[in-house]
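Data block below; observations after.
The values are calculated or read from the model by the stated rules, or taken from the named source; none is laboratory data. In this text, all values refer to a predicted model and were calculated from it rather than measured experimentally. Quick reminder, even Gly has a Cβ in these numbers, built from the backbone with ideal geometry, and neighbours come from all protein chains shown. Ligands, DNA and RNA are excluded from the accessible area calculation, which covers all protein heavy atoms including side chains. Shrake-Rupley method; radii C 1.70, N 1.55, O 1.52, S 1.80 Å.
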Amino acid sequence: MDKQKIELIASQDRGAVLHPFTNLKDFASGKLGDPTIVESGKGIRITDATGREYIDGFAGLYCTNIGYGRTEVADAIARQAHKLAYYHTYAAHTTDELARLSDRLVKMAPGKMSKVFYGLSGSDANETQAKLVWYYNNLRGLPKKKKIITRDRGYHGCSVIAGSMTGMSFYHDYMDLPVAGILRTGVPHHYWGAEPGESELQFSERRARELEEMILREGPDTIGGFIAEPVLGTGGITPPPAGYWPAIQAVLKKYDILLIADEVITGFGRTGAMFGCDKYAIEPDLITVAKGLTSAYAPLSAAIVGEKVYKVMEDGADTVGAFSHGYTYSGHPIGVAAANAVLDIVEREDIPGHVAKVGEYFQKSMQETFGSLPIVGEVRGVGMMAAIEFVADPATKKRLDPALKVGARISKAARDRGLIARAMPHGEILGFAPPLVTTREEIDQIIDIAHKAVISVLDELKV
Ligand code: PLP
């Protein structure tokens, strides 16, 4: 793209786009530099308007799972757009692709699933899940059983209820969140949360005890649901400690509390299993999917509803009539066509199997490369998601001075060298979530650049 065009786009953008998660003043004043104009993508790489290529070590926002430039998906979208760009799904209207997608999701999803409700983002799907928890308990004659428990550092989106269920305060500040009725329990992160000498199992049991104590304190008849990511994502890419999920699920079952598995990141292969629930033997009542469902080729999300919940909803029709929830774009044909084309690839190429193999190599290389550096406290991950947590002193777990902005500086140093790795918003953490089709050779390239970036900042810090 020529210089003049780039300047025009930059000025139009600066003048009119309200960018998410961007310091508005720094952007407006030019302190953040010009926007990066992303022009094209192929495989695991994107190219900007100046012709610079980056390895996308975060798959956009953990979503371009099958990589960029898969023409098979683009063709499916085009075919659908030519045939029927839109029709709604209200009052029992459907399309062939929608029926096929729903049937395959119900069959492939873990647990006993029954129906699929569609939205456009992870946030709106979680919004739906909260309403389903309330609807279900109203229909059962349990109008008090409405509170939803979430976890510190959980991420479930930015809309009003999903944002309230997100367990990081900076997503709430100045936005009047969280709303009432959302409770927060402890994060399952052994490295930071364990007492001295406490094993992972003991720590998990303590987290489950704390959950039970909260339920008893509030009254079990007031708690409707528990929402969690199988592997904590935006809160720091943190796999659960040993024994966590069995202990938590036992408590939820005991008090008749619905489990919403937020599989927005983990769904469709990221952990090396098709779903995070498969990986950790989680039996959810409701499942949220988005991102990998279409590999971000089109916006689409889904709230997958389990048999137990759906049965109550169907029986309730005698009382309430129609299920009064839906969006103009629920089951939009373009997103649905993209999802079917993407899932064809996920199944044909056995993406979860590929992640299981290459992910093991990725995790091992991460440990070997970064594990013993003098500012690395923990290297963690599963499948194709990993994080490095930086601390001032690994022996004492002394935290780095936030003013040093170590995570952000390392992320920038990686970017300057052609790798996108994300400075996670909570703590001094560098996160990786490359496309699931990344090869071993590409993993080597990612790790090599990340290593150079870490060393460059170590040199600046004179550690
Ligand atoms: N749930 C999880 C686990 C996520 O990681 C995200 C986004 O990162 C969301 C929900 C929200 O999805 P969206 O940004 O599409 O609203």
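For residues that are buried (at least 21 other Cβ atoms within 10 Å of the Cβ) and either outside any helix (DSSP H, G or I) or touching a Cys at 6+ places or on another chain (Cβ under 8 Å) (or both), tally how many sit in segment 344-377.
2
Yes/no matrix, rows are residues, columns are (1) within 13 Å of the chain's Cα centre (by Cα); (2) assigned to a helix (DSSP H, G or I); (3) within 14 Å of the ligand (Cβ to nearest atom):
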site: Glu205; (1), (2), (3): no, yes, no
site: Ile215; (1), (2), (3): no, yes, no
site: Trp245; (1), (2), (3): no, yes, no
site: Leu252; (1), (2), (3): no, yes, no
site: Ile260; (1), (2), (3): no, no, yes
site: Thr288; (1), (2), (3): yes, no, yes
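Kindly state which helices (runs of 4 or more DSSP H) lie completely within segment 85-182 and contain at least 2 residues that are closer than 23 Å to Glu263 by Cβ, within 16 Å of the ligand (Cβ to nearest atom) and in the same structural domain as Glu263 (by TED's automatic domain parsing).
Because the criterion is at least 2 residues that are closer than 23 Å to Glu263 by Cβ, within 16 Å of the ligand (Cβ to nearest atom) and in the same structural domain as Glu263 (by TED's automatic domain parsing), the helices (runs of 4 or more DSSP H) in segment 85-182 that meet it are 122-139, 160-165.
Taking only pairs six or more apart or across chains, which ones have beta-carbon atoms under 7 Å, a first residue in segment 314-334 that is outside any loop (DSSP other than H, G, I, E, B), and a second residue that is of a type outside the set (A, V, I, L, M)?
Pro333/Gln80; Pro333/Tyr86; Pro333/Tyr87; Pro333/Thr95; Pro333/Glu97; Ile334/Gln80
Considering only residues of segment 319-343 that are of a type in the set (Gly, Ala, Ser) and buried (at least 16 other Cβ atoms within 10 Å of the Cβ), which is farthest from Pro434 (Cα to Cα)?
Gly326
Quick grid of which residues meet (1) within 12 Å of the ligand (Cβ to nearest atom); (2) at pLDDT below 95; (3) surrounded by fewer than 16 Cβ atoms within 10 Å (Cβ to Cβ); (4) closer than 19 Å to Arg104 by Cα:
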site: Glu218; (1), (2), (3), (4): no, no, yes, no
site: Leu232; (1), (2), (3), (4): yes, no, no, no
site: Lys279; (1), (2), (3), (4): no, no, no, no
site: Val309; (1), (2), (3), (4): no, no, no, no
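So in segment 378-407, with the set limited to residues that are among the small types (Gly, Ala, Ser) and in a strand (DSSP E or B), which one is most open to solvent (accessible area, probe 1.4 Å)?
So, considering only residues that are among the small types (Gly, Ala, Ser) and in a strand (DSSP E or B), the one most open to solvent (accessible area, probe 1.4 Å) is Gly381.
Suppose we filter Gly292, Gly225 for residues that are assigned to a helix (DSSP H, G or I) and either buried (at least 24 other Cβ atoms within 10 Å of the Cβ) or within 15 Å of the chain's Cα centre (by Cα) (or both); which single one remains?
Gly292
Against the conditions (1) within 22 Å of Ala81 (Cα to Cα); (2) surrounded by 18 or more Cβ atoms within 10 Å (Cβ to Cβ); (3) out of contact with any Cys (no Cβ under 7 Å at 6 or more places or on another chain); (4) of a type in the set (D, E, K, R), where does Asp285 fall short? Just the number, please.
(1)
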